[in-house]
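Let me give you the structure first, and then I'll get to my questions.
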Amino acid sequence: MENVIFDTAGFLAGLENYFDRVYTTPLVMNEVKDYVSRSLLSLASSSGKIIILEPEKRNIDITNNTLRKIGEYSLSKTDISIIALALQLQPSIVFTDDFSVQNILLKLGIKFNSVKLNRSIKYEREYYYVCENCGKVYQRKKESCDICGGKIIKKSKLDSKK
């Protein structure tokens, strides 16, 4: 049986009511701000319906290495914690609408479902970065171009093959 893992969107949509047990991280719980939602989540956590776990460092390291390999630098610590927890609790399924998170999960062979969007990514993407002024290509995210000072934008290698 798969372990069900939620990012913040899963809780905001109230999906925890459809599962016997849901796993998440402390960082996700900190993102839920409104009083009613926090109270309900606290109650569910106290009853054992929601299990809050800190992912192991080795799973965070695997996640970060995967992010670097594909050029994905936009994920938050919360996103990384969810992916690392999914690695730790395999077999698992993650409920998220975040396409960048879905991309990493796909790369790692972890199942996922969307929460509200009713659509998910179908193909893995790798990224590179390019100056929108002079076209200088970078493998890592930068604030500005070393050559002309222009803005650096993220591009998908998949899109550039079309």
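The values are calculated or read from the model by the stated rules, or taken from the named source; none is laboratory data. All figures in this text were calculated on a predicted structure; none of them were measured in a lab. Every residue, glycine among them, receives a Cβ derived from its backbone with ideal geometry; neighbour counts consider all protein chains shown.
From (1) more than 19 Å from residue 10 (Cβ to Cβ); (2) within 15 Å of the chain's Cα centre (by Cα); (3) free of Cβ contacts under 8 Å to residues at least 24 places away in the same chain, pick out the condition that doesn't hold for residue 151.
(2)
Take the residues of segment 28-50 that are surrounded by 14 or more Cβ atoms within 10 Å (Cβ to Cβ) and outside any helix (DSSP H, G or I): which is nearest to the chain's Cα centre (by Cα)?
Going through the qualifying residues, I end up with 32.
Further question: Counting only residues that are within 17 Å of residue 83 (Cβ to Cβ) and without any contact (Cβ under 8 Å) to a residue 60 or more places away in the chain, which one in segment 12-27 is surrounded by the fewest Cβ atoms within 10 Å (Cβ to Cβ)?
Among them, the one singled out is 26.
If you check 81, 74, 42, which single one turns out to be among the small types (Gly, Ala, Ser) and either in contact with a Cys (Cβ under 6 Å, 6 or more places away or on another chain) or more than 16 Å from residue 100 (Cβ to Cβ) (or both)?
Every option except 42 fails the conditions.
Search segment 104-141 for residues being at pLDDT below 90 and not in a loop (DSSP other than H, G, I, E, B), and hand back the single one that is surrounded by the most Cβ atoms within 10 Å (Cβ to Cβ).
127
Considering only residues that are in contact with a Phe, Trp or Tyr (Cβ under 7 Å, 6 or more places away or on another chain) and free of Cβ contacts under 8 Å to residues at least 24 places away in the same chain, which ones fall in segment 87-111?
Once the filter is applied, which keeps residues that are in contact with a Phe, Trp or Tyr (Cβ under 7 Å, 6 or more places away or on another chain) and free of Cβ contacts under 8 Å to residues at least 24 places away in the same chain, segment 87-111 yields 102, 105.
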